[in-house]
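I have placed the structure first, in the form of C-alpha cells, so that the comments after it can refer back to it.
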Amino acid sequence: MQPAYSVIFFPSASGMGYGLLILLGVLAPAEMIPDNRAFGLVSLGFALGAVTFGLVSSMWHLGHPERVLLAYTQWRSSWLSREGVLATVTYAPAGLFAIGWIGFGEVVGFWGVCGLAAAVLAGFTVYSTGMIYASLRPIPAWCNRWVVPVYLSLALFTGALWLNAIRLLFGHPAADASLVVVATLLLSVSLKWAYWRYLDGARAGSTPETATGLGSIGKVRLLDPPRTQTTYVTQEMGYRVARRHAAKLRRYASVLLFALPFVLTLATVATHSWIAAGAAVAAALSGSVGVVIERWLFFAEAKHVVTLYHGA
Amino acid sequence: MTSLPRDPGPKKLGLVIDLDTCVGCHACAVSCKEWNTGGVAAPLTDLDPYGADPVGVWFNRVHAYEAGDGMGGRTVHFPRSCLHCDEPACVSVCPTGASYKREEDGIVLVDEDLCIGCKLCSWACPYGAREYDRDAGVMKKCTLCIDRIYNENLPEPERVPACVTACPTSARHFGDLGDPDSPISRLVAERGGRDLMPELGYRPVNKYLPPRPTRGGTDPAEGGADPLRPEPESDGGRFLRWLDATLSR
Amino acid sequence: MPANRERERVDTAPKISDEVKETTCYMCACRCGVRVHLRNGHIRYLEGNPRHPVNRGVLCAKGSAGIMQHNSPARLRKPLRRVGARGEGRFEEIEWEEAIALAVEWLGAIRRSDPKKLAFFTGRDQSQALTGWWASQFGTPNHAAHGGFCSVNMAAAGIYTIGGSFWEFGEPDWERTRLLLMFGVAEDHDSNPIKIGLSKLKANGAKFVSVNPVRTGYSAIADEWIGIRPGTDGLFVLALVHELLRAGSVDAEFLIRYTNAPWLVIRDEGGPEDGLIARDGDGAPLCWDLRSEELSSALAPDISPALSGSYRLPDGRSGTPAFELLVRRYQQPEFAPDAVAGTTGVPAATIRRIAAEVAAAAFQETVTIEQPWTDWAGRRHERMTGRPVAMHAMRGISAHSNGFHTCRAIHLLQMLLGTVDVPGGFRYKPPFPKPAPPPLKPAGKPGEIVPGAPMPGPPLGFPSGPADLLVNEDGSPVRIDKAFSWEAPLAAHGMLHMVPANAWRGDPYPIDTLFIYMANMSWNSAMNTAETMHMLTDRDDAGGYRIPHIICADAYASEMVAYSDLVLPDTTYLERWDCISLLDRPISSADGAADAIRHPVVQPDRDVRPFQDVLIDIGARLGLPGLVRDDGSPRYPGGYPDYLVNHQRVPGIGSLAGWRGVDGTMEGTGDPNPEQLERYVEAGSFWQQPLAPEMRFFKHANRDYLKHAVAMGWIGSPDQIILQLYSEPMQRFRLAARGHGQVLPPAELRERIDRYFDPLPIWYQPFHEAATDGDAYPLHALTQRPMAMYHSWGSMNAWLRQIHPSNRLYIGRRRAEALGIEDDSWVDIVSPHGRVRARVKLMEGVNEDTVWTWNAIGKRAGAWALSDDAPESREGFLLNHLIPERLPPQPDGHRHANADPVTGQAAWYDLRVRLKPATDGATASAPRFDPLPRPPGLAAPSSVLRFGAGFRPRRPERAAR
Ligand SMILES: Nc1nc2c(c(=O)[nH]1)N[C@H]1C(S)=C(S)[C@@H](COP(=O)(O)OP(=O)(O)OC[C@H]3O[C@@H](n4cnc5c(=O)[nH]c(N)nc54)[C@H](O)[C@@H]3O)O[C@H]1N2
Ligand SMILES: Nc1nc2c(c(=O)[nH]1)N[C@H]1C(S)=C(S)[C@@H](COP(=O)(O)OP(=O)(O)OC[C@H]3O[C@@H](n4cnc5c(=O)[nH]c(N)nc54)[C@H](O)[C@@H]3O)O[C@H]1N2
Ligand code: SF4
Ligand code: SF4
Ligand code: SF4
Ligand code: SF4
Ligand code: SF4
Ligand SMILES: [Mo]
C-alpha cells in the first residue's frame, strides 16, 4: 500500500496523543502523577495537540476536506466514521478534564470522571483506528487479530514515553512512571514481533489463481497489464518494499522504537534529573521517529490482493 | 446509505464475461471510457494526457494472463470492472454515505456530492474497481451504465452498457443475475461461471465464464479425427489413375 | 433502519444527443459504420452502427477513441513550409494559395520535362482509385499505395491463383465452417468482422486452429494453437498436402470442374514452351477427355478430363495434366510430416492429426444449403454443397520473402479440399472473383511516359508474362521502386518501402519530388529507419538535397512532417468526404457488394483542407487532362464530392455504385446522379446490394453471379473463372530466364527468376534469414499489431496511448532463462544490421526461437505533440532499425531488395537477431534521436483533460436533509 504522509502521520501522532491522554486520564485521577497545573497544561496540551495534529493531517489527503463533516454520518457501519465521531466526542470530556486540571487544579471527583471518560473514549478511538485497517479483507497484512492490539499498545507506549519525558522535564522523577514505559514497551515489542512473525508466516489466502479463476488450467502469470505504465490502482495499492529493505527497516524501527527508548528509559532511573530528562526526551523522540517508520512499514509491507491482478 | 440495503430486491444486475471468446481488444474499456466521460460520472479525467505519465480514470481495464507453463498453457484476456458485489465492503467502509448499493437493482454507485475523497473504499475493494479522480477529488467507478440501461432516449435493444454493445466478440453479457431463469443466469449455469476471489466473501454479482478446454487431442469426440489411412493405391501413378474415375466437368 | 438521508437522484435517462450522423470510421482500414452523437455541435459519443454490414453495431477500441483523434493536439493547423534544414522540423506557416502554388511550380516543371521524376506514393489512405488515376493523368508510373510493404504477397498469390484473395477481399464462411485454419493473423483489416466471426464460429462449436508463433489475441481463443517457427508455414501446408494426397483425400470433382488441374502442361524439356499450357487454335487450354479418349478443350462442359497420364499433343509434344505434376511433386518425401517437423517446429504427429481433421471436416461433415443454382455451362444444381474447412491468412505469411509461394500453397490446399467459395469454406467478396489474373496491365512502358502527357493506363496491374513488365531495353527497371521489373515482376502494389533508398541512390535514376500522402516514411513504414532519415536529408556534392523536394500530406505532427519541405495539412476523418469504392478496397461481404462514404459531420476549426480536394485542385492547375475541361477550367470545381459524383472511370462506372442514374434508381452502372451523396448520407453512408441466394456461392462458376458481375462492371465477361493450381504466368517468366522469348531478364537475375518462378508452390528459407548466420543470430524477431493501436497514429490519442504507452520485447521464459535474461530487464537486440535497446517481458506462449513486440509503439521524441520524455520515446522502441531494406550483396555485388522475389513484398518478418543483456544500468530504449520541435501553430497540450465534463447531466436538486 502507498504510504502517504497523511496516513502515516495521522495514526502516529494521534496514537501518541491518545496514548498520553489515556495515561493522563487514568493516572491523574488516581493521583499517580503530579497534579500541578503547569504540568497539566503541558502534558494535556501535548496530548490534545498531537491528537489534533494527527486528525488535521489525516484531512490533508482528502479530495474534499470541506465536506469532512459528512464523515460523521455513517457510524453505524463505517469504522472510519466511528473513529471520527469518537475522536470528536473525546474532545468534550478531555476539554472538561483540562478545564478542571488547568483551570482549577482539580483532577478528582467530577473532573476525574471526565478524565476517565476521556481515557475510555480515547481508547475506543484508537481501537476504531485499528479496526479501520483490521476490517479490510483485501489487505491480509492488516486484516488480522494483531493489528488492533498493536495499535492500542503502541499508542500507550508512545504516550508513556512522552509522559515520562514531560514529567522529568518538570523534575518529577518516579520509578513507577518508567515502569509504565517499560511495561507498555514490552507489551508492544511482543505484539509487534508477533505481528511480524504472523506476517512472515501467513499463507496467502488469495492467489493469482483465485483472483482470475483460472487455477484449474495451471499457474497464472500476468502477460500484459491493462497498460504498461501506472494507474491509480497500481499507484495506490501497488506499493511494496522489497523483502530485503523491509528486514532492514524492521531493524531500524525496532532500534528506534524499542531498543533505544528502553536503554534511555533505564538511564532515566539511574541518573541525575537533567540528564534523566534529556534521556527521556531522547527516548520519546526516538520512539516517535520509530513509530513513524513502523507505520510506514505497516503500509509498505501490506500487500493488497488487487496486486494479484497486476502480476504480484 | 453506507449500510447495505436491508431488503435488497431480487434484482441483481450485472455482467457476465466470457473468457473463452475475449480476444483482449480493449474495445469494452475504451467504449466505457467514452460513454462515461460524458455520462453521470463525467468526466473521467486524464492527467498529463500527452506527457510522461498519463494517468486517467477508467472503469474497465483489460489484462492478459497466461495460465499453465510453456506451449501447453493458455493465454486468457481478462477484462476487469466493478463486480457490483452483494457484500461490498467498499460501501460499508465509506464514512460519508457516498458509496451505496441500490436496493432496486444492486448497482453500486458513488454519490459524488457526498464523497470526501478519503479513498478508503478503494482499499476495501479487492478487485481494483474504484478509481480516484484526483482532479475532481472524488472516487469514481463503473456505474453499470445506469444512464444507458434505463435510458428511454435509447431504443430498447440499446439499453445495455456501453461495453456490452461495443464488444466485437460478444464476450460480454448483461442481465439480471438475481433471476435464476434469466438468459444470463442460465448461461452462467451452463458454462460454470465463476466468482473471483470467492474466499473474500464479497459475493460478486458479475461472473466469469472460464475458457473451454482446448481441442488438440485425437479424440474424435473432442473434434479430433481418426488418423488418415493411406490410400492403398496411393503411391505414384496408381493413385492418380484411381482418382481418374470418370468424373465429369 | 430508515435511510439517514435521501439517496442521490441519478438521472438515468439523460438526453444523449441533439443530432445523430452516420458515417464511416477511419481509425483503421476496417471501415466500420459509426453513429456520431452530437450535442450543441460537439461530438458526445461515437458508437457502432447496428445496421452497418461491416460491424453490425460493435466498435473496437480505436473506433471508440475517435473523439480523441479528432481533438488531438497533434492536428496540423495550417500549411507549412520548411525553414530550417530538412529533418530539423522547423517550419513557417503559409497560406493555402502559396502552398498550392509551390506544389504546382515543382510538379509543373517535372511534368514538362520528365514526369517520372515525380514519385507519388500513398500509405494508409483509401483514395487509391483517385490517386492512381491522378498519377496516370500526370504521366508518372511512379505511383503506388502501401500494399507493397503490406500484403501484396497475399493479394498477388490470391489473384493469380483463385482470382480473389484473403486480406479483406474474402472471408471464411463464419456461419457454416466446421474447421478454420488461420495462419499468421494478429488483427488484420477485417478487425471487427473477424472478431464477430470468431465468436460465431466458436458458438457453433466449430474448431478454430491458429497457426502462429505467438499465442495472443485470436490465437489465445483458438481451440488449438500451433506455435510454428516463423517462415515455415509453406512447408507445414505442403506437408498437409502430402498427407491428403497420401490418403487420397482430395475433392477430385472440384478439381476437375473448377481448377486447371486437368489442363495439359507441355512437356518439352528445353523447348520454348516447356511447362506452358497446351492450347488449341483458339487459345483454349487442352485436356484429355477420358470419355471420348481424345484431346478436348478444357473449357468444354460435360467432358471427363483426365487428371493423370501423358498425352500426345497434335504437334507431337507430350502433355501431362497439371495435377499429375502436382501429385508427383508433393508426394516427395521432403514434404512428409517427419521431414518437415524439425524445420517447422510442429511435431509430425500434429501435422498428421491436423491433416486428418481437415479431411474429416471436409469429407465427412459436408454442409448443404437447399438452394438450386446454375453453373457457368447452364446446368442446374439442386443444392449447394460445400466442404466446411475455411482458411484465412495474412501478414504472418505475407511479410516473409517466401510469402507468395506460401500463400499459393494455402490456396492450393483449399482447392484440393474443394473449399473455395463453397458453403463452409473461403468465400469471395464481390467484386471478386476476377480472372486469375485480371487482364489489367500496368502502364508505364518506356514509350508510355511522355512529358506533358498522361499515361495510357493505370500505374498498377497484373503482368501475365515478361512482355508486360515495365523494363527498359536493357532489362533495367522503369519505375523508381523497381516494381514490375525483373527484381519483382508481379509487384502488383508497387514497392513503397524501396522508394527513399532508390531515390537517394539514384538507382535506377534520381527523382525530383517525393510526394507522400498518409505514410510515415521516416519512421514506422520504413525499413532501416535511421538510415532512411539520413537518405531523406542527405545532400549531393553541389549541396542540394539528393531528393530535391519532399511534399507530404498529413493530418498530424508525425515523424514524416519533419522531413518535408511542404506540408499539406489534411482534415480528420470526421471533417471530410471520403469514398470506399468498389474500384478500390470496398466494404463488401461475401453475401453482397457494398461501398461507403464518409461525410463531414463537423467542420474543421483550423485552416486545413481535405487532401483529395487539394489534389484535384493541384491537378486542375497543372492542366491534367482528366481534371480540366476543354476550356481549361477545372472539371471538378466542387472538389472531391464533385469528383465522386461526376467522375466516370468508363461511361456508367464511377467511384460509387449506389444510387446511380440521373434519378438514382440504378446500381453498379449508370449515369452520374447529382444527388448521389445525399442518398448515401440518408442511408447511413453506405450502399449494399445483397446477392440473390442463388448467386452466393460458387461465384467463380455461377452463371447468375457471373452475369450479374458483368452487368455491374466488375468483370469483363461471364466466362467461368478457372482456379489456377498450376500458374502459367509464372512459367512464362521462368522460360524467359531460360532464354526463351523477346523480353529476357538480365543475366545476373536469370537463376533467381528460374528458381522462384516455379508454377507450383515451393518452399525455401526466407532470404534474410538464409543470409544470416543462424548460430550468431538464433532468434526470429517479429512484430504484431496491437488491437488497440493503429500503426503510428494512435499515440497522439489520449485514451489509446494509455493502453500502449510503451512496448516490450517478448521472449519465451525458458529461452530467456537459458540466456540469463530476467523479466523486465533491458537488453540489446542485435541484428547483422544494427542494435536496438528494449525492455523484455517473459512469456509462455511463444515459439521458442521467436521474440516479438507490438508494432509501431515506439515514437520519436517530440513527434505527435507528445512531451519529449513520453514513454513512447523513452521506453518504446521500433524494431524497424534492425531490418535492412536490401539484402547482403550477391557475389557480383548486386543487392536485392529485402523482399519477396516474385512480388517485391517487404520481408519484415525474415529478421534474425540475438539478445545481449544490457549491463550498463540502462533505463531507456535506444537508439534515441533529437526531439522534434512542435510544428508552429500547435499549442502545448493541456496537462488535464476533462473531456465530457460539459455533457454531464445536471444533477437534480437534492431534497434538503
Ligand atoms: N489494431 C490494428 N489493426 C490493424 C493495423 C494496426 O496497426 N492496428 N494495421 C492494419 C494493417 S496495415 C495490416 S497490413 C493488417 C495486418 O494484420 P495482421 O496480418 O494481423 O498483421 P500482423 O500484426 O503483422 O500479424 C502478423 C501475425 O503473424 C504472426 N507471424 C509472424 N510470422 C509468422 C509466420 O512465419 N507464420 C505464421 N503462421 N505466423 C507468423 C505474428 O505473430 C502475428 O500474429 O492489420 C490492419 N489492422
Ligand atoms: N516493423 C514493422 N514495420 C512495419 C510493419 C510491421 O508489421 N512491422 N507493417 C507495415 C505495414 S503492413 C504497413 S501498412 C505500414 C504502415 O505504416 P504507415 O503507412 O506509415 O502508417 P501510419 O503509421 O499509420 O502512418 C500514416 C501517416 O498518415 C497520417 N495520417 C493519419 N490520418 C490521416 C489523415 O486523415 N489524413 C492524412 N493526410 N494523413 C493522415 C499519420 O499522421 C501518419 O503520418 O507499416 C509497415 N511497417
Ligand atoms: S467490485 Fe469493488 S467496488 Fe465493486 S462492489 Fe465489489 S467491492 Fe465494491
Ligand atoms: S472516497 Fe468517497 S466514496 Fe470512497 S469511502 Fe471515501 S467518501 Fe466514501
Ligand atoms: S457497465 Fe458501463 S461503466 Fe461498467 S464497465 Fe461497462 S461500460 Fe463501463
Ligand atoms: S471488448 Fe470483448 S473481446 Fe474485447 S477485450 Fe472487452 S470483453 Fe474482450
Ligand atoms: S475496426 Fe475499429 S478502428 Fe477500424 S474502422 Fe472499425 S471501429 Fe474503426
Ligand atoms: Mo499494412
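Structure values in brief
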{"item": "Qualifying residue in region C:405-413 (condition: surrounded by fewer than 18 Cβ atoms within 10 Å (Cβ to Cβ) and either among the hydroxyl-bearing types (Ser, Thr, Tyr) or over 26 Å from residue C:697 (Cβ atoms) (or both))", "result": "no"}
{"item": "Residue in region C:197-212 that is touching a Leu at 6+ places or on another chain (Cβ under 6 Å) and away from ligand 6 (no atom under 16 Å from the Cβ) present", "result": "yes"}
{"item": "Filter result for residue B:24 (closer than 15 Å to residue B:80 by Cβ and within 16 Å of ligand 3 (Cβ to nearest atom))", "result": "no"}
{"item": "Those residues of region A:54-72 which are more than 7 Å from chain B (Cβ to nearest Cβ) and part of a loop (DSSP other than H, G, I, E, B), in sequence order", "result": "A:61"}
{"item": "Per-region count, region B:144-166, residues loosely packed, with under 14 Cβ neighbours inside 10 Å and within 7 Å of chain C (Cβ to nearest Cβ)", "result": "2"}
{"item": "When residues of region C:256-285 are limited to those that are among the small types (Gly, Ala, Ser) and away from chain B (no Cβ under 14 Å), the one surrounded by the most Cβ atoms within 10 Å (Cβ to Cβ)", "result": "C:278"}
{"item": "Filter result (surrounded by fewer than 15 Cβ atoms within 10 Å (Cβ to Cβ) and outside any loop (DSSP other than H, G, I, E, B)) within region C:803-825", "result": "C:814, C:817, C:818"}
{"item": "Identity of the residue in region B:22-56, within 12 Å of chain A (Cβ to nearest Cβ), of a type in the set (D, E, K, R) and surrounded by 24 or more Cβ atoms within 10 Å (Cβ to Cβ), that ends up nearest to ligand 1 (Cβ to nearest atom)", "result": "B:33"}
{"item": "Yes/no for residue C:33 being within 26 Å of the chain's Cα centre (by Cα) and either more than 9 Å from every other protein chain (Cβ to nearest Cβ) or of a type in the set (Phe, Trp, Tyr) (or both)", "result": "yes"}
{"item": "So residue C:9, is it in a loop (DSSP other than H, G, I, E, B), more than 9 Å from chain B (Cβ to nearest Cβ) and modelled with pLDDT of 95 or more", "result": "no"}
{"item": "The listed residue being at negative phi, touching a residue at least 12 places away in the same chain (Cβ under 8 Å) and under 17 Å from the mean Cα position of the chain (by Cα), out of B:203, B:194", "result": "B:194"}
{"item": "Answer residue from region C:38-62, given it is facing chain B (nearest Cβ under 9 Å) and more than 28 Å from the chain's Cα centre (by Cα) and is surrounded by the fewest Cβ atoms within 10 Å (Cβ to Cβ) among those", "result": "C:39"}
{"item": "Any chance residue A:171 is of a type in the set (Gly, Ala, Ser) and either in a loop (DSSP other than H, G, I, E, B) or within 14 Å of another protein chain (Cβ to nearest Cβ) (or both)", "result": "yes"}
{"item": "Unmet criterion (only one of (1) surrounded by 24 or more Cβ atoms within 10 Å (Cβ to Cβ); (2) among the aliphatic types (A, V, I, L, M); (3) within 27 Å of residue C:617 (Cβ to Cβ)) for residue C:102", "result": "(1)"}
{"item": "Residue A:239, sole failed condition from (1) assigned to a helix (DSSP H, G or I); (2) within 30 Å of residue C:813 (Cβ to Cβ); (3) of a type in the set (Phe, Trp, Tyr); (4) more than 8 Å from chain B (Cβ to nearest Cβ)", "result": "(1)"}
{"item": "Region A:281-312, residues that are among the aliphatic types (A, V, I, L, M), more than 20 Å from the chain's Cα centre (by Cα) and part of a helix (DSSP H, G or I)", "result": "A:305, A:306, A:308"}
{"item": "Pair list, Cβ under 7 Å, 6 or more apart: region B:71-99 residue more than 7 Å from every other protein chain (Cβ to nearest Cβ), other residue at pLDDT below 95 and near ligand 4 (Cβ under 8 Å from one of its atoms)", "result": "B:91/B:2; B:99/B:2"}
{"item": "Residue match in region C:334-345 (condition: assigned to a loop (DSSP other than H, G, I, E, B) and within 30 Å of residue C:581 (Cα to Cα))", "result": "no"}
{"item": "Given (1) within 14 Å of chain B (Cβ to nearest Cβ); (2) touching a Pro at 6+ places or on another chain (Cβ under 9 Å); (3) not in a helix (DSSP H, G or I), number of the condition residue C:848 does not satisfy", "result": "(2)"}
{"item": "Subset of region C:609-627 (residues that are under 15 Å from residue C:79 (Cα atoms) and either outside any helix (DSSP H, G or I) or within 16 Å of ligand 3 (Cβ to nearest atom) (or both))", "result": "C:609, C:610"}
{"item": "Criterion (within 14 Å of chain B (Cβ to nearest Cβ), part of a loop (DSSP other than H, G, I, E, B), over 23 Å from the mean Cα position of the chain (by Cα) and more than 16 Å from ligand 3 (Cβ to nearest atom)) met by exactly one of C:796, C:787", "result": "C:796"}
{"item": "Scope region B:57-79; condition within 16 Å of ligand 5 (Cβ to nearest atom) and crowded, with 24+ Cβ neighbours inside 10 Å; matching residues", "result": "B:57, B:58, B:59, B:60, B:61, B:62, B:77, B:78, B:79"}
{"item": "Flag for residue C:411 being outside any loop (DSSP other than H, G, I, E, B), away from chain B (no Cβ under 14 Å) and not hydroxyl-bearing (Ser, Thr, Tyr)", "result": "yes"}
{"item": "Residue tally, condition closer than 23 Å to residue B:92 by Cβ, within 16 Å of ligand 6 (Cβ to nearest atom) and facing another protein chain (nearest Cβ under 7 Å), over region B:1-21", "result": "0"}
{"item": "Number of the exception - residue A:234 against (1) within 30 Å of residue B:134 (Cα to Cα); (2) assigned to a helix (DSSP H, G or I); (3) modelled with pLDDT of 95 or more", "result": "(3)"}
{"item": "Some residue of region B:119-137 being within 16 Å of ligand 5 (Cβ to nearest atom) and more than 14 Å from chain A (Cβ to nearest Cβ)", "result": "no"}
{"item": "Hey, residue A:220 among the β-branched types (Val, Ile, Thr), within 14 Å of chain B (Cβ to nearest Cβ) and crowded, with 17+ Cβ neighbours inside 10 Å or not", "result": "yes"}
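Each row is one residue, and each column tells you yes or no for (1) modelled with pLDDT of 95 or more; (2) among the basic types (Lys, Arg); (3) closer than 30 Å to residue B:229 by Cα.
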{"position": "C:221", "(1), (2), (3)": "yes, no, no"}
{"position": "C:228", "(1), (2), (3)": "yes, no, yes"}
{"position": "C:255", "(1), (2), (3)": "yes, no, yes"}
{"position": "C:279", "(1), (2), (3)": "yes, yes, no"}
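For (1) in contact (Cβ under 8 Å) with a residue 40 or more places away in the chain; (2) surrounded by fewer than 23 Cβ atoms within 10 Å (Cβ to Cβ); (3) within 16 Å of ligand 2 (Cβ to nearest atom), each residue gets a yes or a no:
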position	(1), (2), (3)
A:48	yes, yes, no
A:52	no, yes, no
A:59	yes, yes, no
A:68	no, yes, no
A:76	no, yes, no
A:87	yes, no, no
A:92	no, yes, no
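The values are calculated or read from the model by the stated rules, or taken from the named source; none is laboratory data. All values reported here derive from a predicted model rather than from experimental measurement. As a convention, Cβ positions derive from the backbone with ideal geometry for all residues, glycine included, and neighbour counts pool all protein chains shown.
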